[in-house]
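The next block holds one structure in the form of structure tokens; read it before the comments.
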Amino acid sequence: MRYAIYFTPPPGDALTHAASVWLGRNVFSGLPVDHPVVPGLGLHEIAFHTALPRRTGFHATFKAPFRLAEGQTESSLLNRLMRFAGSIEPVALPRLEVARLGDFYGLLLSRTCPPLDHLAASVVQEFDAFRAPFSEAEIERRSPEGLSASQLANLHRWGHPYVMDEFRFHMTLTGPLLGKDFQRVEAALRHHFDPVLQERPVVANLALFVEREPGAPFQVHSLHPLGRISVRKIA
């Protein structure tokens, strides 16, 4: 069993619906969803290009997947997560936009958001005591030879290369693509997602995801609203 602490919009959100259709799986129910019909990209191509993010589910990573450290339990993790979420106020994000990050596409912020960066770093630090350390074999599987010095230090210290100063908010929508596919996939993504990206999203919850066995799809275990009960915004 592995756990992860992510952001994902609530189940009734229009962005959740659009992402479930695009990826072909609802991350709350775990059930398959029919892919959309979009110009210029066949259903079989969408299924192929979304295979990797379909398994991990629609999310932005705060605390990357981890096994529980010795002496920690799911109950203790849930208790800490509920208390922590109640001490943090929701964060209004800049508008999201379809963009390419390396060789894959996702939803990225249209501009920087320091309060979000602070939240992400706080989650990494707050829950590191729950993370079992990596073995040398696990570190090797993460291709450390391709990381910068800062990213490698993060991998060893925090269990993920892209945290702290290396953090960049993104919600993955494809696996790695060939250059010849960039233009068609981007056009299809914009056609599908642009109508639901007009509103600024709010990080109003932290989501605990679970992977119940190696290779199994990640699924939402529970949502933990941010902010004091009297003032929190729950979608």
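A few notes on this one:
- Likely footprinting exposure, I5, I88, I46, I139, fewest C-beta neighbours within 10 Å first: I139, I88, I46, I5
- The magnitude of the dipole of the chain, with charges of +1 and -1 set on the Cβ of Lys/Arg and Asp/Glu and taken from the Cα centre, is near 440 debye.
- Exposed GluC sites (Glu not before Pro) absent: longest stretch of the chain, with sites in DSSP loops and at most 16 other Cβ within 10 Å deemed exposed: 71-198
- The residue list G159, S75, S148 was ranked by how far each Cα lies along the charge dipole of segment 2-225 toward its positive end, using unit charges on Cβ atoms, and S75 comes out on top.
- Distance from the alpha carbon centroid of segment 110-126 to that of segment 146-174 works out to 13 angstrom.
- Those trypsin sites (Lys or Arg not before Pro) in segment 154-194 that DSSP places in a loop and that have at most 15 other beta carbons within 10 Å: R168
- Taking S222, S143 and counting other C-beta atoms within 10 Å, the order from fewest to most: S143, S222
- Loop-located trypsin sites (Lys or Arg not before Pro) in segment 91-155 (DSSP state other than H, G, I, E, B) with a sparse environment of at most 13 neighbouring Cβ atoms within 10 Å: R95, R111, R141.
Bear in mind these aren't lab numbers, they're just calculated from the coordinates by the rules spelled out. Just so it is clear, the structure is predicted and the values come from calculations on it, not from any experiment. In this analysis, Cβ positions are derived from the backbone assuming ideal geometry, glycine residues included, and neighbour counts consider all displayed protein chains.
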